[in-house]
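*Asks:* Sharing a structure, written as structure tokens. Questions coming.
The values are calculated or read from the model by the stated rules, or taken from the named source; none is laboratory data. Being a predicted model, the structure only gives us computed values, none of them experimental. Surface accessibility is based on the protein's heavy atoms, side chains included, excluding ligands, DNA and RNA. Shrake-Rupley method; radii C 1.70, N 1.55, O 1.52, S 1.80 Å.
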Amino acid sequence: MSNGLSAMAFPVATLLLIVAFVYPLFGKKSYYCTNVCPYGSLQELADKCVPYKLKMKPATVKHLDKFREAVWAMLMLCLWTGVWFGWVDYEPFSAFILQSASWIVVVIAAVFVVLSAVVPRPYCRFVCPMGTLFKISQSSK
């Protein structure tokens with residue numbers, strides 16, 4: 001999207017974005033994260049591979065939620081001020097294109113996928129900027 005969208009891709013991307021925000025209104029809260037987002041789907045698949053799951057205390061989850069909100073606020077500030085737009089290059093989605101992904105992105109993506117075997121979708125729940133935006137939109141209903 002940073003290089004623009006073709007006329008053919010724009011309607012599809014717009015429809016996916018609308019569906020991602022409309023589905024939570026009908027009770028499908030994490031539909032986008034588990035079924036549309038490739039990285040969320042990969043974490044969901046890794047989650048199914050190991051039956052043992054780490055139990056996190058509610059206080060830990062609350063602190064991690066606050067961390068995600070702080071990361072989102074920092075990233076939005078960087079985006080709006082133009083200070084460090086390069087943070088987009090560190091999104092784990094680029095790990096799906098190994099020819100163009102940096103090794104650090106591949107490592108970050110792999111760490112979160114391995115971690116998701118014992119903690120359900122850790123990147124989606126505690127780091128993802130898009131997940132934060134969805135959570136904000138869900139809580140404002």
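*Asks:* Given a 1.4 angstrom probe, what's the average accessible area per residue across the chain, in square angstrom?
*Replies:* Roughly 67 Å² per residue, with all protein chains present.
*Asks:* Still on this model: Run the numbers for residue 60 and residue 93: contour at 0.36 nm per residue of separation, minus the present Cα-Cα distance, in nm.
*Replies:* 9.3 nm is the gain from fully extending residue 60 to residue 93.
*Asks:* Can you give me the pair-distance distribution of the chain, C-alpha pairs, 5 Å bins, whole percents?
*Replies:* Taking every Cα pair in the chain, the percentages come to 2, 9, 15, 19, 24, 18, 9, 3, 1, 0.
*Asks:* Over the chain, what percent of the accessible surface lies on carbon and sulfur atoms, probe 1.4 Å?
*Replies:* Carbon with sulfur: 72 percent of the solvent-accessible area.
*Asks:* Please list 98, 54, 133 from largest to smallest accessible area, probe radius 1.4 Å, with all protein chains kept in place.
*Replies:* Accessible-area ranking of 98, 54, 133, largest first: 98, 54, 133.
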